1. Averaged over its residues, how many other protein chain Cβ atoms are within 10 Å of peptide A:316-322's Cβ atoms?
2. Which whole-number percent of Cα pairs in the range A:140-260 have a distance greater than 24 Å?
3. Would you mind checking the pairs A:370/B:346; A:175/B:279; B:248/B:279; A:175/B:180 and listing those with alpha carbons more than 21 angstrom apart?
4. Viscosity 1.306 mPa s, temperature 10 °C: what is the translational diffusion coefficient of the range A:140-195 from Stokes-Einstein with a Kirkwood Rh over Cα pairs, rounded to a whole number of µm²/s?
5. Taking every pair of alpha-carbon atoms in the range A:338-385, what share in percent sits in each 10 Å bin, from 0 to the bin with the longest distance?
6. Would you mind telling me the share, in percent, of accessible area of the range A:247-336 contributed by carbon and sulfur at probe 1.4 angstrom?
7. Return, for the Cα atoms of the range A:282-385, the radius of gyration and Dmax in Å, separated by a comma.
8. Can you pull the mean other chain C-beta count within 10 Å for peptide B:180-193?
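The values are calculated or read from the model by the stated rules, or taken from the named source; none is laboratory data. Worth saying up front: this structure is predicted, and the values here are computed from it rather than measured. Note: ideal-geometry Cβ built from the backbone for every residue, glycine included; neighbour counts use all protein chains shown. Keep in mind that these areas ignore ligands, DNA and RNA; they rest on the heavy atoms of the full protein, side chains included. Shrake-Rupley method; radii C 1.70, N 1.55, O 1.52, S 1.80 Å.
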Amino acid sequence: MSPRAPLRVLCLALLALATLGCPEAPKQWVRMPQGDAADVSTETHVFVTPDERVQVHLQGATLREGIERVATSTGLAVKIEADVPEVRLYVSFDAADAPSALRSLAEVGGVTYERYTESGLTLHRVGTAPRDLFESGPYHFFLGAFLLLVAYLLLRLFGGLVNRLEQVSRERGKKLRQLGPLVRVVVWAIAVVSAVMVVLRVSPTAAFAFTGGGLLLLGIAARELTANLLAGFTIATDRPLYVGDFVEVAGQRGEVKGIGLRSTQLVTPDDTMITIPNKVITEGVVASANYGEVDALVEITFYVAHEADVAQVRSLVWEGLVTSAYCAWRKPARVFVSEELRATKVVAAAYVYDVRHQRRFVTDVTHRVKEAFGAAEVPYPRPQP
Amino acid sequence: MPQDSGHIRGILSETAALFQTAVNARPEAHVAPADLEGLSLEEASAELPQQVSAAFDLDSLNASARELESSTETWTQIEKVVRRFLRGRRAAIAVTGLRGTGRQAYLHRIASTVGESEEVGLSRLRFDSIRTGASEFLEPTALALGLEGEGTHENLAAQLREGPRRVVVVERAHNLYMRKIGGFEALRAALALMAATLERVLWVFEVDRYAWEYLEQISPLRDYFDLVVEAPLLSQADLQEVFERQIKELQEDFPTRFLAPKDLPEPQRETWREVGFFKRLHAASSGNLEAAGILFCRSTRWSVQLKKAVVLPIPKIPFEEALSSYPRTTLLALAMLVEHEELSQKDLADLLLISAGHAQSILDTLARHSVTSRLASGRYSVNTPWLAAIGTHLSNWNIL
């Protein structure tokens with residue numbers, strides 16, 4: 001047996017159960033098509049209840065006479081509910097009597113009766129209804145498509161609102177954008193399951209099982225795609241990175257522009273869009289400079305000669321940091337000095353107010369500090385012979 | 001690093017407000033110049049009769065605001081610190097707040113408390129333009145305080161320590177620095193002089209709110225002051241109270257809807273409010289007293305036939321929506337205009353490291369959109385009604 005065999009069996013079982021209806025459902029039913037019999041003007045449903053009794057629901061204004069004939073010919077108890085607009089009749093009998101009772105019913109209606117077994121379940125067919133339980137008309141397909149369209153439009157609306165909000169407050173917009181992957185998963189899941197319910201006319205549980213079975217089949221057929229989808233879900237829940245983060249992943253550095261179900265998009269500092277499969281992200285190391293925040297700590301290194309006035313140098317570098325238009329000055333800015341063999345190393349550490357402006361921040365500070373060093377005649381390390 | 005559950009909860013709790021903001025945000029919208037005339041208190045009240053405009057000038061509004069119960073504690077604290085100094089103790093006060101929120105009222109109160117003592121003199125220093133070098137603070141200070149000799153820190157400190165006890169009010173101290181390398185020398189000199197002379201001098205610094213926030217964050221500024229008072233943006237109830245008080249003075253000249261009807265029972269009379277009007281006034285002015293005065297006067301017309309004021313609804317002016325359409329340099333220029341309150345073209349060029357022509361072009365654009373006005377001095381300032389809202393927006397964008 002191949003290692004994937006149990007998975008395949010499970011998948012087929014789920015699909016079969018979903019196709020036949022809910023595996024936990026207490027009722028199995030067949031449908032009698034409309035107008036096939038004079039007595040049955042709308043629908044006839046036959047249920048096998050958990051207590052092993054068969055229940056026949058007949059609806060239609062002209063049924064009363066017909067069902068009374070059924071009752072007379074089969075000797076079954078008949079209950080007539082007269083308080084509903086249309087006459088609704090319930091005919092109950094033991095499961096063991098079902099074949100004969102239903103056959104009588106079919107004869108009265110002038111349609112066929114068939115008893116058959118499918119996947120271990122005993123089913124009854126009255127009339128000319130197809131075995132395919134998912135008999136759907138164009139209306140149901142349109143409704144299903146409409147639900148998917150609504151989901152798509154909702155997500156577009158969400159994206160638009162996030163973009164708008166980012167113009168008002170980048171921080172708040174970014175927070176809302178972080179919900180994006182989760183919102184996409186939830187909206188699409190609800191939309192797909194609802195569409196399945198509508199098109200196949202099955203219960204929510206059956207729709208979930210059907211969708212799950214379908215996904216599982218898809219998983220077997222397209223393993224890589226599934227692995228990436230699962231990784232996308234993992235990213236949405238485990239959140240090793242956020243949209244807007246400046247990250248290094250799989251040897252690529254850049255800002256996360258979007259986290260999809262299959263892949264994640266980065267924009268590198270040289271404005272190249274890189275698409276990384278989600279599986280690579282979940283399996284690899286992710287380094288995030290800001291991890292969900294808008295600002296990020298940036299370090300800028302300068303070297304000056306050993307004889308430079310350290311106090312003056314620190315003051316100039318510190319002022320260079322806190323006076324930069326890109327500095328998030330509400331967070332601490334610090335200047336560290338250390339002695340190295342050929343020079344004094346000065347490391348300026350401060351937060352850039354928006355991680356997208358990291359390079360501009362470095363350039364701005366470096367430019368102005370170098371000018372200030374020049375004006376103050378701060379000595380640079382001499383080149384070694 | 002965000003905590004997952006708290007983070008999610010925080011996001012969800014804000015979501016409704018966020019969507020509301022997002023739905024309402026229309027960055028493409030631009031100002032309608034016709035709506036934006038008369039953006040100073042003088043201009044706004046120019047066509048009103050003298051008795052009406054006098055009731056709503058800045059001094060009258062500030063005087064009325066001083067009576068607010070909510071500000072009593074602040075006044076008490078100020079008086080306590082001043083009296084402590086008068087008794088021979090060291091003290092220093094910083095008065096912060098946005099322009100138009102009544103910082104001057106606090107300075108007047110300090111001056112009047114000091115005036116009760118004949119032994120202590122009062123001196124005022126005012127810095128209308130940006131100073132960066134130490135000498136740019138020390139020399140005018142020596143001149144204003146009547147000190148002799150070299151304008152060095154040591155010389156001035158020695159003379160102040162030996163001289164009479166005095167209160168020195170430094171107005172517009174937010175001009176004692178510039179956001180550039182080497183731009184903090186004047187402020188350092190001021191703080192050093194202050195620290196060296198606290199035995200004999202009560203220093204009172206008047207600083208813009210955003211400048212104070214910046215300086216407080218990047219330097220140990222707060223350590224120098226015993227008391228930091230922020231002139232607040234008023235709540236809607238306080239704003240109503242101030243304006244109702246002024247309207248009552250003009251009872252004969254104003255529509256009666258602003259005052260409780262005579263036959264109203266006493267309990268209801270106490271709580272009677274023109275709620276809708278003042279709600280709009282508060283929302284439009286962000287609680288800035290001067291801004292509210294401007295908007296109130298702009299909505300007031302004088303009817304010759306009725307011999308009475310007619311007060312129209314406060315207009316909604318969506319100027320702030322235009323902000324997000326400005327380029328980043330323009331937003332930075334606005335941030336500097338808010339922080340320093342007034343800037344010249346040269347100041348702006350120095351601050352943003354741009355050419356004079358570029359700076360002028362930015363200032364012209366902002367003035368054309370009525371976001372700023374050109375003052376008689378040739379300098380530019382943000383129009384008061386928009387000051388609080390612009391500050392909030394730029395702060396949200398981490399630009400201010």
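1. On the way: counts 2, 1, 2, 7, 2, 2, 7.
Mean shielding by partner chains, rounded to a whole number: 3.
2. Numbers: 2938 of 7260 pairs.
Roughly 40 percent, once rounded to a whole number.
3. Working: A:370/B:346 23 Å; A:175/B:279 31 Å; B:248/B:279 19 Å; A:175/B:180 32 Å.
From the list (A:370/B:346; A:175/B:279; B:248/B:279; A:175/B:180), the Cα-Cα distance tops 21 Å for A:370/B:346; A:175/B:279; A:175/B:180.
4. Details: Rh = 12.0 Å.
This corresponds to a translational diffusion coefficient of 133 µm²/s.
5. 21, 41, 30, 8, 0
6. Percent of accessible area from carbon and sulfur atoms in the range A:247-336: 50.
7. When restricted to Cα atoms, the range A:282-385 yields Rg and Dmax of 15.2, 51 Å.
8. Numbers: counts 6, 18, 7, 2, 4, 0, 0, 0, 0, 0, 0, 0, 0, 0.
Per-residue shielding by partner chains comes out at 3.
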